[in-house]
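The values are calculated or read from the model by the stated rules, or taken from the named source; none is laboratory data. These numbers come from a predicted model, not from an experiment. Backbone-built Cβ (ideal geometry, glycine too); neighbour counts: all protein chains shown.
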């Protein structure tokens, strides 16, 4: 093998090209192909190549909106074989989307069969569905037979396909578009055709109109699924002016009254591109996890129209508050981004403003009008030439019959004949029809038309009809010449064509009316947990292993409860569902729990570590009900501590809030509500120190200051009390003992203290 590689004749041909340049050139080629032929739409007809080829193939199959349906497999097969060799699955998916009235504002494909639904279900296989064009698609194709656009070879050079469709309405904005290219993307929401045409007519009348003026006609997107836009007008104007921005879109809802004073919320429209089934799953998850405690149930009563039912937990719940929570936690409200990055001239990608997109469409419509007019003039000239020959034949009918009857080559004979002299002898000079310029006889076209003329046409009435047709065509030709020479007439004609489209597809059309409304979002307000939770008594139970639950009602705290094998109770207290619970960990962090979200008391509960991000190596130091305005004493095993306001330790996330800063191996061991005017500390050496509470600083977070000084060991416990009432603790027999004379242990903060009084607990704990 080595010998073969060493042989110069056996080596593959090498190219002396740097790898960097080779990769750059090839990737650039791929990027341009993706941008121009796959991801970005054309500003003129608003279509990507795959959509354009689908519609053109359906036109070639004669699938008009009033004709019959054909199998989708046949359509996608023709598209793939003739114009778009990229796989029938991709083609069918693109065609199916054009038929979905919940995905496309003005469907371009009329589907028969299962083409998917708003729940997110996929369309049936192509062999099971049928399709044809809609009137909207026919409006995009209108003019192809009149040389309105250029054609190019298909991928293998055997057929021709249009570069762009004539597009009688601004489809780019009417149906929107989305795509991801290399280094760029596009995302354009759908709009209302009638509003777009009104803006186009204004732009024709005032070519220098600003984007802000166009917003008087186009207030915003018009989504096929309806909804309500709550974006401020100034933000909408900024988005359309720059071509980039976003729109806040909400579901449409109403309150439906029920018997006996009850009510429920009915959602009739959901935001664009939101799958209803996933939306319901998300709402059900909120109910299960009690993240929205005032919501009791969700039901889907949809048929052809969307109808989602939200049931409140109580009649006293405020509907606006409930929907505010739903908007915040679900896709009942979302932001639809705007990025009008399009091929403005079919080649160059550009982020365009609203005015630039409409201007590109209008300029294209003017070009289409000119091309169709020139094509019509060519047809008229050809017909006039034929009519002149036919009229000559009627005026010299006997001679024509004679030539056709006796001449072996009648066509050349008709072309050689001097019809002017023959015509002079047969009729008056006033009716003379001059032969074509530079010729005495007939042209080849005229001779062919005469030879193809039927005998039944040889009557006087037919001659009169020919003269009338000639006069009408001459008048039409004169009008076309005036049109081609006058730009103002061209724009007037474009405006008339747009008005006809508006008349056809505007408000009078079944889907022409605007679907998406506008409203003010109002200021977002934080809803306290107490305001959205029914107030009910519960008993919080947490085991030593950290399993927590909420028993219904205030049960006897001495009642025997079941726990897992090897586990036992640690915290048990009465609370209410509106309470917030604080969990102080040995890592110095405080975690916040809503009592309403605790698991029920039927089982053993759930691990508290699943509800908050408490590390496995950290222990639960304390668990208690939050009371606003209260202060806490926190301390570490190193003997450092401080006072913190309880309102400062509330956490908004699962990760909690760091309050006591620690340095290993120290750990947090004390978190107690502050009462009284003195602090008592006890170390592992059983020495007790009492000092004034005002010697401790109040911080929001930190290491704190030294509470008690130790030679060996650290802090065991600390508490606050009223000095005049004495210091209390439980003796080994479980009795409460109070020491009123504390002069021997009274000192300054950071002192060493003295040995604990007789009868002090062996575990060095005050409680």
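On the given criteria, is residue 460 surrounded by fewer than 17 Cβ atoms within 10 Å (Cβ to Cβ) and modelled with pLDDT under 90?
Criteria met by residue 460.
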Subset of segment 180-205 that is modelled with pLDDT under 95 and part of a loop (DSSP other than H, G, I, E, B) - its residue that is nearest to residue 118 (Cα to Cα): 181
Which numbered condition residue 153 misses (of (1) closer than 21 Å to residue 343 by Cα; (2) surrounded by fewer than 17 Cβ atoms within 10 Å (Cβ to Cβ); (3) in contact with a helix residue (DSSP H, G or I) (Cβ under 9 Å, 6 or more places away or on another chain)): (3)
Unique residue being surrounded by fewer than 16 Cβ atoms within 10 Å (Cβ to Cβ) and touching a residue at least 60 places away in the same chain (Cβ under 8 Å) when the list is 732, 697, 757: 757
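Could you tell me which of the residues 97, 132 is farther than 21 Å from residue 38 by Cβ and at pLDDT 95 or above? It would help to see each step written out before you state the result.
Working: 97 fails: farther than 21 Å from residue 38 by Cβ.
Of 97, 132, the one residue that is farther than 21 Å from residue 38 by Cβ and at pLDDT 95 or above is 132.
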Extreme residue, nearest to the chain's Cα centre (by Cα), among residues of segment 233-264 that are touching a residue at least 40 places away in the same chain (Cβ under 8 Å) and in a loop (DSSP other than H, G, I, E, B): 251
Matching entry among 168, 148 (being under 22 Å from residue 341 (Cα atoms) and outside any helix (DSSP H, G or I)): 168
In segment 549-585, the residues that are over 26 Å from residue 645 (Cα atoms) and part of a strand (DSSP E or B): 549, 550, 551, 552, 569
Segment 176-209, residues that are closer than 21 Å to residue 98 by Cβ and touching a strand residue (DSSP E or B) at 6+ places or on another chain (Cβ under 7 Å): 176, 177, 178, 179, 185, 186, 187, 188, 189
Elements of type helices (runs of 4 or more DSSP H) contained in segment 42-104, each with 1 or more residues being closer than 21 Å to residue 196 by Cβ: 49-60, 88-98
Pair list, Cβ < 8 Å and 6+ apart or interchain, from segment 560-587 residues that are on the phi > 0 side of the Ramachandran plot to residues that are surrounded by 14 or more Cβ atoms within 10 Å (Cβ to Cβ) and at pLDDT 90 or above: 566/545
Segment 702-719 - residue that is at positive phi and assigned to a loop (DSSP other than H, G, I, E, B) and, of those, surrounded by the fewest Cβ atoms within 10 Å (Cβ to Cβ): 713
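What number of residues in segment 317-349 are without any contact (Cβ under 8 Å) to a residue 24 or more places away in the chain and either buried (at least 16 other Cβ atoms within 10 Å of the Cβ) or in a loop (DSSP other than H, G, I, E, B) (or both)?
First pass over segment 317-349, keeping only residues without any contact (Cβ under 8 Å) to a residue 24 or more places away in the chain: 318, 320, 348.
Now drop any that are not either buried (at least 16 other Cβ atoms within 10 Å of the Cβ) or in a loop (DSSP other than H, G, I, E, B) (or both), which leaves 318, 348.
The qualifying residues number 2.
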The lone exception for residue 292 - which of (1) modelled with pLDDT under 95; (2) not in a loop (DSSP other than H, G, I, E, B) it fails: (2)
Residue ID - surrounded by the most Cβ atoms within 10 Å (Cβ to Cβ), chosen from residues in segment 216-228 that are touching a helix residue (DSSP H, G or I) at 6+ places or on another chain (Cβ under 8 Å) and within 13 Å of residue 247 (Cβ to Cβ): 222
Among the candidates 266, 255, residue that is touching a helix residue (DSSP H, G or I) at 6+ places or on another chain (Cβ under 6 Å) and surrounded by fewer than 17 Cβ atoms within 10 Å (Cβ to Cβ): 255
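Yes/no per residue for (1) under 27 Å from residue 505 (Cβ atoms); (2) touching a strand residue (DSSP E or B) at 6+ places or on another chain (Cβ under 9 Å):
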{"position": "111", "(1), (2)": "yes, yes"}
{"position": "122", "(1), (2)": "no, no"}
{"position": "145", "(1), (2)": "yes, no"}
{"position": "152", "(1), (2)": "no, yes"}
{"position": "164", "(1), (2)": "yes, yes"}
Test for residue 229: is it under 13 Å from residue 189 (Cβ atoms) and in contact (Cβ under 8 Å) with a residue 40 or more places away in the chain: yes
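For (1) outside any helix (DSSP H, G or I); (2) in the same structural domain as residue 383 (by TED's automatic domain parsing), each residue gets a yes or a no:
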| position | (1), (2) |
| --- | --- |
| 468 | no, yes |
| 473 | no, yes |
| 491 | no, yes |
| 501 | no, no |
| 514 | yes, no |
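Just checking, which of 113, 176 is in the same structural domain as residue 44 (by TED's automatic domain parsing) and surrounded by 14 or more Cβ atoms within 10 Å (Cβ to Cβ)? Step through it out loud before you land on a result.
Numbers: 176 fails: in the same structural domain as residue 44 (by TED's automatic domain parsing).
Answer to the check: 113.
Against the condition assigned to a helix (DSSP H, G or I) and surrounded by fewer than 23 Cβ atoms within 10 Å (Cβ to Cβ), how does residue 208 come out, does it pass? Break it down stepwise before answering.
Numbers: assigned to a helix (DSSP H, G or I): no; surrounded by fewer than 23 Cβ atoms within 10 Å (Cβ to Cβ): yes.
For residue 208, the condition - assigned to a helix (DSSP H, G or I) and surrounded by fewer than 23 Cβ atoms within 10 Å (Cβ to Cβ) - is not met.
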